[in-house]
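The values are calculated or read from the model by the stated rules, or taken from the named source; none is laboratory data. Remember, predicted model here, so these are calculated numbers, not experimental data. Glycine also receives a Cβ, built like all others from the backbone with ideal geometry; neighbour counts cover every protein chain displayed.
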Amino acid sequence: MTAGRPRKPIELITGHLSKEDLKNRTQAESEYTEVSRMRLVPPDELTDRAKEMFNQIVSDAFWLDELSVHLLTAYCVCADRMLTCTADLQNEPDVLVTETGFIKNPKTRLLIDYGNTLAVLSAKLGLGNIDRLKIAKPKQKKAENRFEKFLGVV
């Protein structure tokens, strides 16, 4: 087992790579991503709405691989249950009258718990705003053309 930092993707490397190193790393990364992305299939136990969420996230989040399937499944189940709970709460009062008095609807606590779970899972999957910024690819710098600068085209 090797120790140290994990390898950076080619898009994030700012140093010089030889043509041979670049070719080898590009080939290795493409083989890894092709193999790992093919295995991202929603599990059968998900509902139809959760399967749609799963497929949508997989198509948008290019950094997910087969190691993320369990977390993504938990995320989709939690989001589906949260949507169901929200729909149920729209038809029910926030405060229930019982024989002993008034109590808060227990589904509001479920909704809060689902929201907290979604926040934790989205951070682990890299679906949050800050997490996506860390993964974002840097923009390519345009090479300075001194001739255009001299002519005043820039």
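Couple of notes before you dig in:
- If you go through segment 59-88 and keep only what is assigned to a helix (DSSP H, G or I) and either in contact (Cβ under 8 Å) with a residue 60 or more places away in the chain or aromatic (F, W, Y) (or both), you end up with just Y75.
- Lone unmet requirement of (1) assigned to a loop (DSSP other than H, G, I, E, B); (2) among the β-branched types (V, I, T); (3) modelled with pLDDT of 90 or more for T2: (3)
- The residue list T47, T108, T86, T33 contains one member that is of a type in the set (V, I, T), at pLDDT below 90 and more than 15 Å from L125 (Cβ to Cβ), which is T33.
- Residue count, segment 39-62 (criterion: surrounded by 13 or more Cβ atoms within 10 Å (Cβ to Cβ), of a type in the set (A, V, I, L, M) and more than 12 Å from A79 (Cβ to Cβ)): 3
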